[in-house]
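Asker: Dropping a structure here in structure tokens format, bear with me for questions.
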Amino acid sequence: MTVPLAATGAVVAQASRRDTLVSWGWVSEHLDDVWSRTVEHVQLTLVALALGFAVSSALAALAVRHRRTFAPITWIGSILYTIPSVALFGMLIPVTGLGFWTAEIALVSYTILIFVRNIVAGIDGVPAPVVEAADAMGYTRWQRLRAVELPLALPTIVAGLRIAAVTVIGLVTVAAVVGNGGYGAFILDGLDRDFPTPIVLGAALSVLLAATVDAGLALAERALTPWARRRGGER
Amino acid sequence: MVAADGEIAVSIRDLTKQYPGAPSPAVRGLTLDVAAGEVVALVGPSGCGKTTTLKMINRLIEPTSGSIQVLGRDQAALPVHELRRSIGYVIQQIGLFPHRTVAANIGVVPRLLGWPKAQISARVAELLALVGLPADAGRRYPSELSGGQQQRVGVARALAADPPILLMDEPYSAVDPLVRARLQDDLLALQAQVGKTIVIVTHDIDEAIKLGDRVAILAQGGVLAQYDTPDELLRAPADDFVAAFLGRERSLRRLGLRRVDEVRAEPAVAVAATATAAEALAAADGMGARWVVVLDNDNDNDNDNDNDNDDGTDNDNYDGTDNDNTGAGEPVGLVATAELRHHSRAGAVGGTIGDGLEPDRRPPVVDATWPLREVLDAVLRSGCGAALVGDRMPARCVITLDALAEALR
């Protein structure tokens, strides 16, 4: 299904590799693949997060402005979120075929619930007196959103982004079933050939990427919210 | 503090607010004028619509009917954000922007108005000084300040673009009583400098009386029960509701509004503790005074009764008119001439006037700026029946209970 890896390896070599969980020799022979799969995994993730955030921002804006739409939006988001990922990919293949955008449609649909909920919660969480003061100072609605509500909602929005990023990075591996899987390609290859090294490699790289992105976002949040760390003084 | 030309800054006409689903209007047919430069306190029990009224002035709440003119213009004709930029607003919860430094918070409205950066930072520095905050407070975040300091920043932010009108919604309810009293004093001092038109909402009648040039008492449903100066409200409440709202200590509160220099003080004559009652009476009668201040001229100030070898018989030294020594002594007693006469007739002659004094009954000494309420308290505590006005030396004056009662007429 995917690119056959090391398919020409000698039978004897194959047998010896099966004795250990990870064959470091195999890994060092496939560093080029590790790099190209990393690029693919990151691309799939970034596009999914960007599209998901854009769609969710529009939905969240609608939900904040017209509160009645919030419940239906979250229902739809929840339904999308709870469809098993393999099933969703399977349902999409007859419609959109195998390919990048099939993977993206599925990945984006998983981010909607997380993003919408966190953006709305972040804006709802801005203290009412702060909003009232912003209105009373003469901010227009748009100015208030940009200058007051979004900055204060940022920690909650970034929290959502972290959950969405980790979720998407994990799901990208499943997208290997539609031919665009990043590290998932390693895992499928290993499953195909009953060879554990690529499985372990794919899983480990996926976890590593998720942890790195999560930590990076946490640091970015700290840098963007200097006020949240300054407390106390005389009271 | 009413502007000389009596210009009306805020004119509320037949204002009604009916919230959807509410059984009755929050504000019903309210008509009220606020003169330029005047502090008006809106006060009333909860549910009287005072905050609703305030928020209709800057259209945080839209009226159901009626009109409000701000500085002669119908405020509904302006774009709402422009109207609000010309009206300062201070709320109980302060509502500072936690993600902005104090300086950025204060500079919000000037920035919205497009002031140049240099002008904004100069204005911020000026305002920090005006509200009594250190200059380096500008670099801090609101969460690093105390509640009282945050409230000052809130006032500075409201004043930033020098709006002619300032609206304050229970600004001091959330701070402790000591800080509140100081913030109130600061607001009065500030107002003496800036002369804004201020509408302040409070549920605290004492705060309304203290801060308001005029006080509007609202009853349930936003009905104006009475609108008058604090003194007039306290002197003549319009009805039982107003009287009940003002409480049972109306006279005491009125005394709190007046100062010592607003009442008629009467002269007293000073005599040494070593003078006799007859000498003291003679001195008092000579000046037509009804009160005698007994001075202890002893340097040690601790054994006034057994010090016989001084010049106490020479009461010319203490008649308060011509001697350098006058006023050097501590007042240790304050006696009405009527009382002295009574004792003289009763045969208590001989001995000095100091001997007749009860120990620990030092006369209270007040000065010209004291509120009469505090004078009354001091007089009652001392048991002397009057207080000495301390800063009118050497001619002594006293304020009697009669004078206090007269001030309330």
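Asker: Using the Karplus curve 6.51 cos²θ - 1.76 cosθ + 1.60 with θ = phi - 60°, work out ³J(HN,Hα) for each residue of the range B:78-94 in order, rounded to whole Hz, and write x for Gly and Pro.
Answerer: Ordered by residue, 3J(HN,Hα) equals 8, x, 4, 6, 5, 4, 5, 5, 9, 10, x, 9, 10, 10, 4, 7, 6 Hz.
Asker: Can you give me the P(r) profile for chain A? Cα pairs, bins 10 angstrom wide beginning at 0, each as a whole percent.
Answerer: P(r) for chain A, in whole percents per bin: 7, 26, 27, 19, 12, 6, 2, 0.
Asker: Count the net charge of all other residues whose Cβ sits under 14 Å from the Cβ of B:L30, scoring Lys and Arg as +1 and Asp and Glu as -1. If you can, show how the numbers build up before the last one.
Answerer: Numbers: positive: B:R13, B:K17, B:R28, B:K50, B:K55; negative: B:D14, B:D33.
After counting each charged neighbour, the total is +3.
Asker: For the range B:2-72, what is the relative contact order in percent, using Cα pairs closer than 8 Å and at least 6 residues apart in sequence?
Answerer: The normalised contact order for the range B:2-72 reaches 44 percent.
Asker: Between the range A:22-79 and the range B:153-170, how many Å separate their Cα centres?
Answerer: Between the Cα centres of the range A:22-79 and the range B:153-170 lies a distance of 46 Å.
Asker: Grab the DSSP H runs of chain B that are 4 residues or longer, score each as -39,500 (n - 2.57), total them, divide by all residues and round the 222 nm result to the nearest 500 deg cm²/dmol.
Answerer: -9500 deg cm²/dmol
Asker: Looking only at the range B:134-173, which residues have a backbone nitrogen under 20 Å from a spot 7 Å from the Cα of A:R229 in the C-beta direction?
Answerer: B:139-145
Asker: What number results when the radius of gyration of the range B:158-243, computed over Cα atoms, is divided by 2.2 N^0.38 Å?
Answerer: Dividing the Cα radius of gyration by 2.2 N^0.38 Å gives 1.16.
Asker: Can you list the HN-Hα couplings for the range B:221-232, worked out from phi with the Karplus curve (6.51, -1.76, 1.60; θ = phi - 60°), rounded to whole Hz and with x for Gly and Pro?
Answerer: For the range B:221-232, the Karplus curve yields x, x, 9, 6, 7, 6, 9, 7, 5, x, 5, 5 Hz.
Asker: Using modelled backbone amide H atoms (1.01 Å from N, in-plane), which distant-in-sequence or interchain residues come within less than 5 Å of B:M168's amide H?
Answerer: B:V90, B:V199, B:I200, B:V201
Asker: Taking the Cβ of B:A76 as the center, what net charge do the other residues with Cβ under 10 Å away carry, scoring Lys and Arg +1 and Asp and Glu -1?
Answerer: 0
Asker: Leaving out same-chain residues fewer than 8 places away, which lysines sit with a Cα under 19 Å from that of B:K55?
Answerer: Qualifying lysines at Cα under 19 Å: B:K17, B:K196.
Asker: Using only alpha carbons, build the gyration tensor for the range B:111-205 and give me the equivalent ellipsoid semi-axes, biggest first, whole Å.
Answerer: Sorted largest first and rounded, they come to 23, 17, 12 Å.
Asker: Net charge near A:P155: determine it from the other residues with C-beta under 13 Å of the C-beta of A:P155, scoring Lys and Arg +1 and Asp and Glu -1. Before the final figure, lay out each step's value.
Answerer: Values: positive: A:R162, A:R222, A:R229; negative: A:E149, A:E221.
Charge balance near A:P155 sits at +1.
Asker: How long is the range B:1-136 along each principal axis, judged by its Cα atoms, biggest number first, in Å?
Answerer: 50, 39, 29 Å, listed from the longest principal axis down.
Asker: Rounded to the nearest angstrom and ordered from largest down, what semi-axes does the equivalent ellipsoid of the range A:111-194 get from its C-alpha gyration tensor (root of 5λ)?
Answerer: Values for the range A:111-194, descending: 43, 10, 8 Å.
Asker: Additional query: Give me the angle, in degrees from 0 to 90, between the Cα long axis of helix A:31-65 and the longest principal axis of the Cα atoms of chain A, rounded to the nearest 10.
Answerer: The angle comes out near 30 degrees.
Asker: Considering only C-alpha atoms, what is the centroid distance from the range B:232-288 to the range A:122-168, in Å?
Answerer: Value for the Cα centre distance between the two parts: 59 Å.
Asker: For A:F195, A:F53, what ranking results if the residue with the fewest other Cβ atoms within 10 Å of its Cβ goes first?
Answerer: Arranged by neighbour count, lowest to highest, A:F195, A:F53 become A:F195, A:F53.
Asker: Also: Please list, by residue number, everything in the range B:13-53 whose backbone N is under 12 Å from a paramagnetic label point 7 Å out along Cα→Cβ of B:A238.
Answerer: B:30-33, by backbone N distance to the label point.
Asker: With the radius of gyration and the Kirkwood radius both derived from the Cα set of chain B, what is their ratio Rg to Rh?
Answerer: Looking at chain B, the ratio lands at 1.13.
We did not get these values from a lab; they are worked out from the coordinates using the rules stated. Predicted model only: the values in this text are computed from it and were never measured. Note: ideal-geometry Cβ built from the backbone for every residue, glycine included; neighbour counts use all protein chains shown.
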